[in-house]
Amino acid sequence: MLAPDLFSFAVRVRERAPLVHCLTNLVVTNFTANVLLAIGAAPAMVVAREEVGEFVPLANAVSVNLGTLDLPQSKAIRAAVEAANRTHKPWILDPVAVGPLSFRTAFAFDLLDAHPAVIRGNASEIISLSGGESSARGVDSTAFAEAALDAAQLLALKTGAVVAVTGPTDYVTDGRRTVALSNGSPLMTRVTGVGCALSATVAAFVGVTDADDFWAATAAAIAYSSIAGELASRDAALPGSFAVAYLDRLASLDANVFSATLVSRDVEPT
Amino acid sequence: MLAPDLFSFAVRVRERAPLVHCLTNLVVTNFTANVLLAIGAAPAMVVAREEVGEFVPLANAVSVNLGTLDLPQSKAIRAAVEAANRTHKPWILDPVAVGPLSFRTAFAFDLLDAHPAVIRGNASEIISLSGGESSARGVDSTAFAEAALDAAQLLALKTGAVVAVTGPTDYVTDGRRTVALSNGSPLMTRVTGVGCALSATVAAFVGVTDADDFWAATAAAIAYSSIAGELASRDAALPGSFAVAYLDRLASLDANVFSATLVSRDVEPT
Amino acid sequence: MLAPDLFSFAVRVRERAPLVHCLTNLVVTNFTANVLLAIGAAPAMVVAREEVGEFVPLANAVSVNLGTLDLPQSKAIRAAVEAANRTHKPWILDPVAVGPLSFRTAFAFDLLDAHPAVIRGNASEIISLSGGESSARGVDSTAFAEAALDAAQLLALKTGAVVAVTGPTDYVTDGRRTVALSNGSPLMTRVTGVGCALSATVAAFVGVTDADDFWAATAAAIAYSSIAGELASRDAALPGSFAVAYLDRLASLDANVFSATLVSRDVEPT
């Protein structure tokens, strides 16, 4: 994919300010909202089962993150996903720590039947969701993203979703086409919520895109975020100031710098 | 209102460190607490229905925000508001996204009967609460604050509360007297929770004030915060670093800078 | 205790990246996770009663904070503490605002029977837990840490836990040995969650330590954090930028600076 094509999705987000309804975990609500505001989207975090069915139709996309799932939230997520499908809004699944934990793992498998537009996770999570055995250690991936590429392609073909495996190299696949993206910085793993907020960013990007282009929009969201992170790591070498610089870079990244920094390659089908 | 009079409320907050009990949304808890600490107040976020009745009497004021309302929180809020009225503590209502969402809208109308000291919202929210039709798009105001001035005056007269409509220009009215405040920065809308934390700041200011002066205390809280935001936007042009600068300015704003920066005018009754 | 011995615990945290399962309050989740990441630990915040029993055995330590306790969380905490004891994982109790609030106070007393490895609180909280009368004003300590030293020693002997009372001077005791630590900065009280995150830091330190050394590991965690705060206060004089600098200092503190800055003394048994 060409850099200007990828960047065009970011421009569209800035122009249309998509409303992204996040049902996310208690650790990252604030950072996720600030990331969405930084890229020019509008966050909303309505949580009550009584309200999500009414709110989803007002949104452009829905972002579902299982990081601190409990029973009340699982009911709200079901209602949100049903409303999204009924009103043709794309919804994104971030299967945090799926694999070692039975409750969320069973729930995540159920959600696969509800047609997520995009699934974004680390290698362990994607391997688990595709039906394989993973060696997850909490929320950190111990398998390498590369090892999850097969699982991602399988999961994409099985569910019809675009699948993104993020790590030192990120892979985005719809089961037929796969792109590898190699920007970013290790500092992105030293700030909580960077990955969770990335899923919300994917929601913003697909929220202004036709379904035909969800694969490219997902790649664009990940490239945009990773490049902002890479640039921020040049501004700040320690995690406190890096988090601030990351938001600043997300808010100010321009087409020329984006193109000059992007490292991507097409991956041959396996 | 004269700048020194307005600033005197901020001095009182610093001297007395009012304890503000916030029942607020999951996105802004941390930022709200840091804003309160920055202005010299003491935040507390006791949430359980079992505890709020015991805690409110220890606080100086209560701040209620409906951003992520659910059924358990609605019960805790009712208990907190009853305790506030029983012990003569002022409580502030921030009716986030009231209008398009039935559950919170019905709840907010119920709360109007429980005598909030101050209601602070954007134009759409205030129009909805006053009984008008608004065109809210999620949590962002699409109506202009100016259009909500009539609604605010009506709502103030109907409820006996001071009503503040915030936006590019902020209006604070008790139904008879109205002041327009024109400080601030568009960057304040690029950081999540600035508005929600402003409601908590209003609670801190009225928490050290007699009921006769709630109108002036509310105007003071809004002027103080908007001026801090305006000054912070001179320190930092992007949202990540702006949020940091905003807290720093809230913690260090002095009387001279406040007076030199304040832009306010009295509004004639309509 | 010698500075190099204390610093060795921090080195071990960086090398082993202990997984710390936090059941904490809604205000500080994000900051706590970022503090843990900054010191080189791995945070996890699984909240559901359905999941904690499965997750605790994967973690190195558990941090329990009662700041926004409600009934569902109390059930999750019970399940987590049982799993911790069953699988021999140390767990830390942070009894936020125990004393004036009946629900959490009764719960905290119950938890004392479940063998916390460490209890960390301010003077009021520790006095209350030891069975004395405190004069807490919300979550801020109004009694001085010094006055709580007797209570801490009593509580340690009664429960078998290491007890840390933090304030301008911090005391860490196992009932027989007591160390006083005098680093830090008043700015640490102007950022919400510094104390709560300190409890999670203690969990990380004891999570890589044998039970024999929990007293020294607790002192090390507090000395490490206070010195980072003291150094950060030289970088930044206002609370917004101080919070950023604090995370940066936590991530970069080295052995030489630690040793040169540490102020500690052994306290004679009373």
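From the list A:Ala123, A:Ala84, pick out the single residue that is modelled with pLDDT of 95 or more and of a type in the set (Gly, Ala, Ser). Before the answer, list the steps.
Numbers: A:Ala123 fails: modelled with pLDDT of 95 or more.
Being modelled with pLDDT of 95 or more and of a type in the set (Gly, Ala, Ser) holds for just one of A:Ala123, A:Ala84, which is A:Ala84.
Tell me, please, whether a residue that is over 15 Å from C:Gly207 (Cα atoms), of a type in the set (Gly, Ala, Ser) and more than 19 Å from the chain's Cα centre (by Cα) can be found in the range C:13-33.
Of the residues in the range C:13-33, the ones over 15 Å from C:Gly207 (Cα atoms) are C:23-33.
Narrowing the set further to residues that are of a type in the set (Gly, Ala, Ser) leaves C:33.
Now restrict to residues that are more than 19 Å from the chain's Cα centre (by Cα): none.
No, because not a single residue in the range C:13-33 is over 15 Å from C:Gly207 (Cα atoms), of a type in the set (Gly, Ala, Ser) and more than 19 Å from the chain's Cα centre (by Cα).
Any idea which of (1) touching a residue at least 40 places away in the same chain (Cβ under 8 Å); (2) crowded, with 22+ Cβ neighbours inside 10 Å is the one C:Ala180 doesn't satisfy?
Failing condition for C:Ala180: (2).
Can you confirm whether B:Ser124 is assigned to a helix (DSSP H, G or I), more than 16 Å from the chain's Cα centre (by Cα) and not acidic (Asp, Glu)? If you could, list the steps in order and put the result at the bottom.
Numbers: assigned to a helix (DSSP H, G or I): yes; more than 16 Å from the chain's Cα centre (by Cα): no; not acidic (Asp, Glu): yes.
Against the criterion (assigned to a helix (DSSP H, G or I), more than 16 Å from the chain's Cα centre (by Cα) and not acidic (Asp, Glu)), B:Ser124 does not qualify.
Inside the range C:201-217, can you point out the residues that are of a type in the set (Ser, Thr, Tyr) and within 16 Å of C:Thr166 (Cβ to Cβ)? Even if it seems obvious, please write down each step before you answer.
The first filter runs over the range C:201-217 and keeps only residues of a type in the set (Ser, Thr, Tyr), leaving C:201, C:209.
Correct list: C:Thr201 only.
Which one of the conditions (1) of a type outside the set (Val, Ile, Thr); (2) closer than 28 Å to A:Val20 by Cβ; (3) in a helix (DSSP H, G or I) does B:Pro168 fail to meet, given that it meets all the rest?
B:Pro168 satisfies all of (1) of a type outside the set (Val, Ile, Thr); (2) closer than 28 Å to A:Val20 by Cβ; (3) in a helix (DSSP H, G or I) except (3).
Among the residues of the range A:57-65, is any crowded, with 24+ Cβ neighbours inside 10 Å, farther than 23 Å from B:Gly195 by Cα, in contact with a Ser or Thr (Cβ under 7 Å, 6 or more places away or on another chain) and touching a residue at least 24 places away in the same chain (Cβ under 8 Å)? Lay out the reasoning, then the answer.
Within the range A:57-65, the first condition is being crowded, with 24+ Cβ neighbours inside 10 Å, and the residues that meet it are A:59, A:61-65.
Then drop every residue that is not farther than 23 Å from B:Gly195 by Cα, which leaves A:61-65.
Pick out the ones that are also in contact with a Ser or Thr (Cβ under 7 Å, 6 or more places away or on another chain) and you get A:63, A:65.
From what's left, touching a residue at least 24 places away in the same chain (Cβ under 8 Å): A:63, A:65.
Yes, there is a match, as at least one residue in the range A:57-65 is crowded, with 24+ Cβ neighbours inside 10 Å, farther than 23 Å from B:Gly195 by Cα, in contact with a Ser or Thr (Cβ under 7 Å, 6 or more places away or on another chain) and touching a residue at least 24 places away in the same chain (Cβ under 8 Å).
Restricted to the range C:207-217, and to residues that are in a helix (DSSP H, G or I) and charged (D, E, K, R), which residue is surrounded by the fewest Cβ atoms within 10 Å (Cβ to Cβ)? Don't jump to the end; show me each part of the working.
First, pick out the residues of the range C:207-217 that are in a helix (DSSP H, G or I): C:211-217.
Among the residues that remain, those that are also charged (D, E, K, R) are: C:212-213.
Working: C:Asp212: 8, C:Asp213: 17.
Step by step, filter the range C:207-217, then rank; the result is C:Asp212.
Could you check how many residues of the range C:250-270 are under 18 Å from C:Arg234 (Cα atoms) and surrounded by 15 or more Cβ atoms within 10 Å (Cβ to Cβ)?
Result for the range C:250-270: 8.
Any idea how many residues of the range B:183-220 are more than 24 Å from A:Gly40 (Cα to Cα) and small (Gly, Ala, Ser)? Give the derivation first.
Start the filter on the range B:183-220 by keeping residues that are more than 24 Å from A:Gly40 (Cα to Cα), which leaves B:199-220.
Keeping just the survivors that are small (Gly, Ala, Ser) gives B:199-200, B:203-204, B:207, B:211, B:216-217, B:219-220.
Looking only at that region, the number is 10.
Suppose we filter C:Ala10, C:Ala59 for residues that are within 30 Å of C:Leu247 (Cβ to Cβ) and in contact with a Pro (Cβ under 9 Å, 6 or more places away or on another chain); which single one remains? It would help to see each step written out before you state the result.
Values: C:Ala10 fails: in contact with a Pro (Cβ under 9 Å, 6 or more places away or on another chain).
Selected residue: C:Ala59, the only one of C:Ala10, C:Ala59 that is within 30 Å of C:Leu247 (Cβ to Cβ) and in contact with a Pro (Cβ under 9 Å, 6 or more places away or on another chain).
Here's a check for you: in the range A:70-100, which residue that is within 14 Å of chain C (Cβ to nearest Cβ) and either basic (Lys, Arg) or in contact (Cβ under 8 Å) with a residue 40 or more places away in the chain (or both) is surrounded by the fewest Cβ atoms within 10 Å (Cβ to Cβ)?
A:Lys75
When residues of the range B:35-45 are filtered for being at negative phi and more than 15 Å from the chain's Cα centre (by Cα), how many remain? Step through it out loud before you land on a result.
The first filter runs over the range B:35-45 and keeps only residues at negative phi, leaving B:35-39, B:41-45.
In the following step, the residues that additionally are more than 15 Å from the chain's Cα centre (by Cα) were identified as B:37-38, B:42, B:44-45.
Selection size over the range B:35-45: 5.
Could you pull out the residue among C:Gly167, C:Gly131, C:Gly193 that is under 21 Å from C:Val27 (Cα atoms) and modelled with pLDDT under 95?
C:Gly167
Part of a helix (DSSP H, G or I), in contact (Cβ under 8 Å) with a residue 24 or more places away in the chain, crowded, with 21+ Cβ neighbours inside 10 Å and over 16 Å from the mean Cα position of the chain (by Cα) - does that describe any residue in the range C:218-225?
Step one: list which residues in the range C:218-225 are part of a helix (DSSP H, G or I), which gives C:218-225.
Checking the rest, the ones that are also in contact (Cβ under 8 Å) with a residue 24 or more places away in the chain come to C:218-225.
Now drop any that are not crowded, with 21+ Cβ neighbours inside 10 Å, which leaves C:218-225.
Pick out the ones that are also over 16 Å from the mean Cα position of the chain (by Cα) and you get none.
Within the range C:218-225 (the criterion being part of a helix (DSSP H, G or I), in contact (Cβ under 8 Å) with a residue 24 or more places away in the chain, crowded, with 21+ Cβ neighbours inside 10 Å and over 16 Å from the mean Cα position of the chain (by Cα)), the answer is no, since none of the residues qualifies.
Under the condition of being assigned to a helix (DSSP H, G or I) and within 14 Å of chain B (Cβ to nearest Cβ), which residue from the range C:226-242 is nearest to A:Ser241 (Cα to Cα)?
C:Ser241
Which residues, taken from the range A:224-259, are of a type in the set (Lys, Arg) and within 17 Å of A:Arg14 (Cβ to Cβ)?
Keep residues of the range A:224-259 that are of a type in the set (Lys, Arg), which gives A:234, A:249.
Once the filter is applied, which keeps residues that are of a type in the set (Lys, Arg) and within 17 Å of A:Arg14 (Cβ to Cβ), the range A:224-259 yields only A:Arg249.
Return yes when A:Ala245 is within 10 Å of another protein chain (Cβ to nearest Cβ) and in a helix (DSSP H, G or I) and no when it is not.
Numbers: within 10 Å of another protein chain (Cβ to nearest Cβ): yes; in a helix (DSSP H, G or I): yes.
In short, yes.
Could you count how many residues in the range A:43-69 are more than 8 Å from chain B (Cβ to nearest Cβ), closer than 26 Å to A:Ala217 by Cα and either assigned to a loop (DSSP other than H, G, I, E, B) or not small (Gly, Ala, Ser) (or both)?
9
Those residues that are in a helix (DSSP H, G or I), more than 18 Å from B:Ala44 (Cβ to Cβ) and within 19 Å of the chain's Cα centre (by Cα), I need them from the range B:79-109; list them, please.
B:Asn85, B:Arg104, B:Thr105, B:Phe107, B:Ala108, B:Phe109
Out of the residues in the range A:6-39 that are touching a residue at least 40 places away in the same chain (Cβ under 8 Å), part of a loop (DSSP other than H, G, I, E, B) and not hydroxyl-bearing (Ser, Thr, Tyr), which is surrounded by the fewest Cβ atoms within 10 Å (Cβ to Cβ)?
Step by step, filter the range A:6-39, then rank; the result is A:Leu26.
For the range C:61-76, give me each residue that is in contact with a Phe, Trp or Tyr (Cβ under 8 Å, 6 or more places away or on another chain) and either among the aliphatic types (A, V, I, L, M) or within 11 Å of C:Ala108 (Cα to Cα) (or both). Give the derivation first.
Quick first cut of the range C:61-76, residues in contact with a Phe, Trp or Tyr (Cβ under 8 Å, 6 or more places away or on another chain) only: C:61-64, C:66, C:69, C:74.
The answer is C:Ala61, C:Val62, C:Val64, C:Leu66, C:Leu69, C:Ser74.
What is the one condition in (1) part of a loop (DSSP other than H, G, I, E, B); (2) touching a Pro at 6+ places or on another chain (Cβ under 6 Å) that B:Ala204 does not satisfy?
(1)
Return a yes/no flag: does the range C:172-194 have any residue that is out of contact with any helix residue (DSSP H, G or I) (no Cβ under 9 Å at 6 or more places or on another chain), more than 14 Å from chain B (Cβ to nearest Cβ), of a type outside the set (S, T, N, Q) and in a strand (DSSP E or B).
Looking only at the range C:172-194, we keep the residues that are out of contact with any helix residue (DSSP H, G or I) (no Cβ under 9 Å at 6 or more places or on another chain), and these are none.
Within the range C:172-194, not a single residue is out of contact with any helix residue (DSSP H, G or I) (no Cβ under 9 Å at 6 or more places or on another chain), more than 14 Å from chain B (Cβ to nearest Cβ), of a type outside the set (S, T, N, Q) and in a strand (DSSP E or B).
The values are calculated or read from the model by the stated rules, or taken from the named source; none is laboratory data. It should be emphasised that the depicted structure is a prediction, and the values quoted were computed from it without experimental measurement. No Cβ is skipped: glycine too gets one built from the backbone with ideal geometry, and neighbour counts run over all protein chains shown.
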